[in-house]
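Student: Below is a structure I'd like to ask you about.
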Amino acid sequence: MRLDAKRLLVPVNGKSYSERTFRLACQMARESKTELHAVYVIEVPLELSLESEIAEDINKGEEILARIEAIASEEKYKGLQARFLRARQAGPAIVLESEDRFMDLMIVGVPYNRRFGSCTFGATASYIFHNASCQVMFWREQAPSPIFPRD
């Protein structure tokens, strides 16, 4: 699939669906010669300052971004720009990042969640869906098993 976008942002969180989404984004960006950015958000609780050094969260963020860089290398994508941010909530931080960096497209990975008979987004994906000014593409992981068994 060729993209018209020149700048692509992929929020990552270390989950398997996030890695698969990023892998797909690498392939699309490489084929389209699109600039690829990845962002991981460390959500800082209200009782702490945003500048607080939370070693465990920083280490986790660095590990996730190292894995993302390894995936980019496996997919032969060169020029990845990956970073982590600190914020109270991931959704607003990701939307602001997309605006500050003039992104044309965001690809967001979401898990398969089914509640009350319909699929639902989490708070971060929902915020991005409703507030991002750029185009947004969602990649949802496959359902763990058929919803309606086939005979």
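Student: For the range 7-140, what is the relative contact order in percent, using Cα pairs closer than 8 Å and at least 6 residues apart in sequence? Don't skip to the end; give the middle numbers.
Tutor: Values: 217 pairs, mean separation 42.3, N = 134.
Relative contact order here is 32 percent.
Student: Under the rule of at least 5 residues apart or a separate chain, name every residue whose amide H is placed under 5 Å from the amide H of M137.
Tutor: Amide H neighbours of M137, under 5 Å, 5+ apart: M106, I107, V108.
Student: Quick one: grab the alpha carbon gyration tensor of the range 7-140, order the square roots of its eigenvalues as a ≥ b ≥ c, and give me rounded if a/c is under 1.5, else prolate or oblate depending on whether a/b is larger than b/c.
Tutor: Working: a/c = 1.45, a/b = 1.12, b/c = 1.29.
Rounded.
Student: Further question on the same structure: HN-Hα J couplings of the range 27-43 from phi, Karplus 6.51/-1.76/1.60, θ = phi - 60°, integer Hz, Gly and Pro as x?
Tutor: 4, 5, 5, 4, 5, 9, 6, 9, 6, 10, 10, 10, 9, 10, 10, 8, 7
Student: So who's got an amide H within less than 5 Å of the one on Y40, skipping anything under 5 residues away but keeping other chains? H placed 1.01 Å off N, in plane.
Tutor: When sequence neighbours closer than 5 places are left aside, the close amide H contacts are V12, R83, F84, L85.
Student: How large is ³J(HN,Hα), in whole Hz, for each residue of the range 93-107 in order, when computed from phi with the Karplus curve 6.51 cos²θ - 1.76 cosθ + 1.60 and θ = phi - 60°, using x for Gly and Pro?
Tutor: 5, 5, 4, 4, 4, 5, 6, 4, 9, 6, 6, 8, 8, 10, 10
Student: Within the range 52-91, list the GluC sites (Glu not before Pro) lying in a DSSP loop whose Cβ has at most 14 other Cβ atoms in a 10 Å radius. Kindly include the intermediate steps, with their values, before the conclusion.
Tutor: Values: sites: E53, E56, E62, E63, E69, E74, E75; in loops: E53, E75.
Filter output for the range 52-91: E53.
Student: Looking only at the range 10-24, which residues have a backbone nitrogen under 20 Å from a spot 7 Å from the Cα of A123 in the C-beta direction?
Tutor: In the range 10-24, the label zone of A123 (backbone N under 20 Å from the point 7 Å along Cα→Cβ) covers 11-15, 18.
Student: List nothing, just return the count: lysine pairs in the chain, 8 or more apart or interchain, with Cα separation under 21 Å. Can you show the working numbers first?
Tutor: Working: K6/K33; K6/K76; K6/K78; K15/K60; K33/K76; K33/K78.
Taking the chain as the scope, the lysine pair count is 6.
Throughout, read-outs are computed from the coordinates displayed, never taken from laboratory work. Predicted, not measured: the structure shown is a model, and the values here were computed from it. All Cβ positions, even for glycine, are placed from backbone atoms using ideal geometry, and neighbour counts span all protein chains on display.
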